[in-house]
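> Encoded as structure tokens, here's the structure I'll be asking about.
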Amino acid sequence: MIAKSLNISLMSNLPLKERIDAIRLEAESEFKKATTSRDLYDLKVRILGKTGSFQSVMKEMGSLPPAEKPMAGKLVNEAKQALEALYSQCDESLKSAELAAKLKAESLDLTLPGVPTPMGAQHPVSLVMEEISMILSRMGYSVRTGPLIETDRNNFEGLNVPKDHPARDMQDTFYIDETHVLRTHTSPIQVRTYENEKPPLRIAAPGSVFRCDSDVSHSPNFHQIEGICVDRKVSMADLKGTVTYFVGEFFGKGLKTRFRPSFFPFTEPSAEIDCQCAVCKGKGCRMCSDTGWVEIGGSGLIHPNVLSFAGLDPKEWQGFAFGFGIERMAIIKYGINDIRLFSDNNVRFLEQFSV
Ligand code: DAH
């Protein structure tokens with residue numbers, strides 16, 4: 001190999017120019033003999049690299065008389081440049097020969113099937129939230145959203161749930177500090193809307209909510225959508241008509257709704273909404289525990305205290321509100337039997353719902 005054959009110590013009593021020429025000549029012949037680009041590269045390192053033959057000659061230049069130094073430097077540089085140029089030239093031709101050989105050896109079967117990239121699908125919770133928002137939009141409701149960290153004022157006080165009121169126990173709250181909570185429902189969006197917009201109002205408020213509760217049918221993070229209508233002379237009849245129309249659009253036409261008296265601090269009167277089971281169409285099945293009915297949400301006429309808190313005169317303005325749990329709506333619509341499936345991230349479950 002070149003490093004062995006170019007034995008600098010044996011040649012070190014020759015004048016510098018001759019030694020450079022000798023290295024150069026031998027290197028040129030070795031470069032030309034290299035059969036692979038890898039061998040060629042190794043040669044280059046041994047000759048031109050940090051510990052290569054050229055470097056040792058350059059080190060010796062330091063001990064030359066100053067008058068000879070410029071000439072010697074010029075010689076070394078010229079030789080180095082010539083060798084580098086020769087290296088690039090040989091490297092290029094070796095590499096193109098190697099590529100040609102590789103292409104010849106490898107055959108490509110263009111008829112083989114490609115590797116498929118799995119398509120993502122929209123999550124059923126997003127799908128249902130979007131679908132409900134779309135239906136309500138067609139009914140004249142505009143979508144409004146709010147932050148996940150809410151003030152105590154918007155989440156409770158503005159909704160007629162004062163501090164230390166027993167109704168706060170209905171919602172297992174994650175407190176951030178004295179005055180902030182992870183919102184326990186989407187109803188605070190109502191309070192925010194009243195601050196910025198004047199009635200008549202029709203608002204749909206979808207989003208993520210949090211409660212300190214976890215078992216087979218409860219998740220600490222779930223989703224709701226709230227419908228709010230504030231106008232003059234709004235009555236329970238408007239609420240019933242609106243919800244019944246909505247149920248027909250979402251679950252399918254012809255399903256009946258019924259309202260059962262209930263209690264929510266922010267509505268008076270308040271009602272739970274049931275609709276005929278979408279799975280068995282009211283005949284009775286496992287989904288509805290053979291009753292033919294499933295509960296889909298809460299509702300009522302907006303409490304006068306909520307309107308007054310927002311600076312609206314309850315004699316002039318009335319309103320109704322309803323709130324649905326998105327996961328619950330998806331469970332009923334698709335016949336899903338376990339709320340944990342929504343957060344398990346099982347692709348085979350999740351991909352079934354997109355159209
Ligand atoms: N915010 C209520 C909850 O999370 C649900 C609800 C009930 C919303 C009645 C309403 C309503 O708008 O009128 O429990």
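The values are calculated or read from the model by the stated rules, or taken from the named source; none is laboratory data. Everything numeric here is computed off the predicted structure, so don't read it as measured data. Cβ: placed from backbone, ideal geometry, glycine included. Neighbour counts: every protein chain shown. In case anyone asks, the SASA skips ligands and DNA or RNA and just uses the protein heavy atoms, side chains included. Shrake-Rupley method; radii C 1.70, N 1.55, O 1.52, S 1.80 Å.
> Could you work out which residue, out of Val234, Val115, Val243, moves most in a Gaussian network model of the chain, that is, has the largest mean-square fluctuation with Cα springs under 10 Å?
It is Val115.
> Going toward the positive end of the dipole of region 124-351, with +1 on Lys and Arg Cβ and -1 on Asp and Glu Cβ, which of Pro314, Met134, Asn196 do you reach last?
Sorting the options by dipole projection puts first Met134.
> Any chance you could count the Lys pairs in region 124-351 whose alpha carbons are under 26 Å apart, treating pairs 8 or more apart or on different chains as valid?
Lysine pair count for region 124-351: 19.
> When the Karplus curve 6.51 cos²θ - 1.76 cosθ + 1.60 is applied with θ = phi - 60°, which whole-Hz ³J(HN,Hα) does each residue of region 220-233 get, with x for Gly and Pro?
x, 10, 9, 10, 9, 9, 10, x, 9, 10, 10, 7, 8, 6
> For the chain, modelled as a Gaussian network with Cα springs under 10 Å, which listed residue fluctuates most, Met134, Met287, Met61?
Highest fluctuation of the listed residues: Met61.
> State the extension gain, in nm to one decimal, for the chain segment bounded by Glu60 and Arg138, taking 0.36 nm per residue of separation less the distance between their alpha-carbons. Numbers along the way, then the final one.
Working: separation 78, 0.36 × 78 = 28.08 nm, distance 8.90 nm.
Additional length available on full extension: 19.2 nm.
> Related question: Taking the Cα centre as origin and putting +1 on Lys and Arg beta-carbons and -1 on Asp and Glu beta-carbons, what dipole magnitude results for region 2-105, to the nearest 20 debye? Mind dumping the intermediate values first?
Numbers: 17 positive and 14 negative charges, 46 e Å.
So the magnitude is around 220 debye.
> Among the Cys residues of the chain, which have no other cysteine Cβ under 4.7 angstrom away?
Unpaired cysteines in the chain: Cys90, Cys212, Cys229, Cys275.
> If a paramagnetic tag sat 7 Å from the Cα of Glu98 along the Cα-Cβ line, which residues of region 40-57 would have the backbone N under 17 Å from that point?
40-46
> Ignoring everything except DSSP H segments at least 4 long, calculate the 222 nm mean residue ellipticity for the chain; use -39,500 (n - 2.57) per segment, divide by total residues, nearest 500.
Values: 13 runs with 147 residues, N = 355.
Using -39500 (n - 2.57) per qualifying helix, the result is -12500 deg cm²/dmol.
> Normalised by the empirical 2.2 N^0.38 Å for globular proteins, what value does the Cα Rg of region 2-105 take?
Numbers: Rg = 15.7 Å, N = 104, 2.2 N^0.38 = 12.8 Å.
Compactness ratio reported: 1.22.
> Another question about this same structure. Report Rg(Cα)/(2.2 N^0.38 Å) for the chain, keeping two decimals. List each step's numbers first, then the result.
Details: Rg = 40.4 Å, N = 355, 2.2 N^0.38 = 20.5 Å.
Scaled against compact globular proteins, the figure is 1.97.
> Can you find, among Leu25, Ala72, Thr51, the residue farthest towards the positive end of the dipole of region 22-105? Put +1 on the C-beta of Lys and Arg, -1 on that of Asp and Glu.
The Cα lying farthest towards the positive end belongs to Thr51.
> OK, next. With a 1.4 Å probe and all protein chains kept in place, how much accessible area does Val161 have, in Å² rounded to the nearest 10?
Roll a 1.4 Å probe over it and Val161 shows about 10 Å².
> Starting from the residue with the highest accessible area, list Met58, Met119 in decreasing order, probe 1.4 Å. Numbers along the way, then the final one.
Working: Met58 65, Met119 165 Å².
Accessible-area ranking of Met58, Met119, largest first: Met119, Met58.
> How large is the Kirkwood hydrodynamic radius of region 105-194, in angstrom, based on all distinct alpha carbon pairs? Working shown, then result.
Values: mean 1/r = 0.0583 Å⁻¹.
Evaluated over region 105-194, this radius sits at 17.2 Å.
> While we're here: Which length gain, in nm to one decimal place, applies between Val115 and Arg153 when the Cα-Cα distance is subtracted from 0.36 nm times their residue separation? Walk me through the intermediate numbers first.
On the way: separation 38, 0.36 × 38 = 13.68 nm, distance 5.45 nm.
The span from Val115 to Arg153 would gain 8.2 nm if fully extended.
> Quick one: putting +1 on the C-beta of Lys and Arg, -1 on the C-beta of Asp and Glu, what dipole do you get for the chain around its Cα centre, in Debye to the nearest 20? It would help to have the intermediate numbers written out before the result.
Values: 42 positive and 45 negative charges, 159 e Å.
With only Lys, Arg, Asp and Glu charged at Cβ, the dipole is about 760 debye.
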